[in-house]
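The values are calculated or read from the model by the stated rules, or taken from the named source; none is laboratory data. All values derive from a computational prediction rather than experimental measurement. Cβ atoms come from the backbone with ideal geometry, glycine included; neighbour counts cover every protein chain shown.
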């Protein structure tokens, strides 16, 4: 595990949340991702090769991740997030065009950059144990830190599924030696989140 990248992302995101708010987090975090990916491109490139296991793992992980999110939503009512999340995503009220922009950014920029950063730049396949536990711990705090300042201790609970996802995506990358199962199931998770925004958070 590249501990500088692993610890740097949550620390930078949390500081930016405090001093600049959600927009600063998005800009700073994704700038860090771009820089780290560029710096580690030779290490990342082999992970982009599709292997015979990629399709099966992508489908299986997508089902596991999305099913886990559905269970979590049943246990913890997402509607309690309506006020803090809509105030962040739609400060002037829900706008379909803004939702489309958020969805496009999430699917085309955020998700690929995040997976290339965490599974490519930050992870070290030579140390699988630290890769998995580091992904669980730091991927959780990447989300929990900013969410805590957005909605208090509720944000720490809301971030718990990201720890599970980080560990699963790390394991899949180590097992298949490519990034596609993590990336495709991450896309599936983001689709579920966007659906949840429309169903539970839209006024």
Item to complete: Scan segment 33-42 and give yes if some residue there is surrounded by fewer than 12 Cβ atoms within 10 Å (Cβ to Cβ), farther than 16 Å from residue 143 by Cβ and at pLDDT 95 or above, otherwise no.
Response: yes
Practice prompt. Could you identify the single residue in 79, 97, 74 that is more than 18 Å from the chain's Cα centre (by Cα), over 28 Å from residue 12 (Cα atoms) and touching a residue at least 12 places away in the same chain (Cβ under 8 Å)?
Written response: 79
Item to complete: Provide a single number: the residues in segment 77-102 that are part of a helix (DSSP H, G or I) and modelled with pLDDT under 80.
Response: 12
Worksheet item: Restricting attention to segment 110-122, does a residue exist that is surrounded by fewer than 18 Cβ atoms within 10 Å (Cβ to Cβ) and more than 17 Å from residue 185 (Cα to Cα)?
Response: no
Item to complete: Check residue 30 against each of (1) more than 16 Å from the chain's Cα centre (by Cα); (2) within 23 Å of residue 194 (Cβ to Cβ); (3) touching a residue at least 12 places away in the same chain (Cβ under 8 Å) and name the one condition it does not meet.
Response: (1)
Discussion item. Only one of 138, 164, 105 is in a helix (DSSP H, G or I), at pLDDT 95 or above and out of contact with any helix residue (DSSP H, G or I) (no Cβ under 6 Å at 6 or more places or on another chain). Can you tell me which?
Written reply: 105
Worksheet item: In the list 89, 47, 61, which residue meets the criterion of being over 26 Å from residue 176 (Cα atoms), surrounded by 15 or more Cβ atoms within 10 Å (Cβ to Cβ), in contact with a helix residue (DSSP H, G or I) (Cβ under 9 Å, 6 or more places away or on another chain) and in contact (Cβ under 8 Å) with a residue 24 or more places away in the chain?
Response: 89
Worksheet item: Any idea which residue in segment 108-135 is modelled with the lowest pLDDT, counting only those that are over 15 Å from residue 182 (Cβ atoms) and part of a loop (DSSP other than H, G, I, E, B)?
Response: 126
Worksheet item: Got at least one residue in segment 155-175 being without any contact (Cβ under 8 Å) to a residue 12 or more places away in the chain and either touching a strand residue (DSSP E or B) at 6+ places or on another chain (Cβ under 9 Å) or surrounded by fewer than 18 Cβ atoms within 10 Å (Cβ to Cβ) (or both)?
Response: no
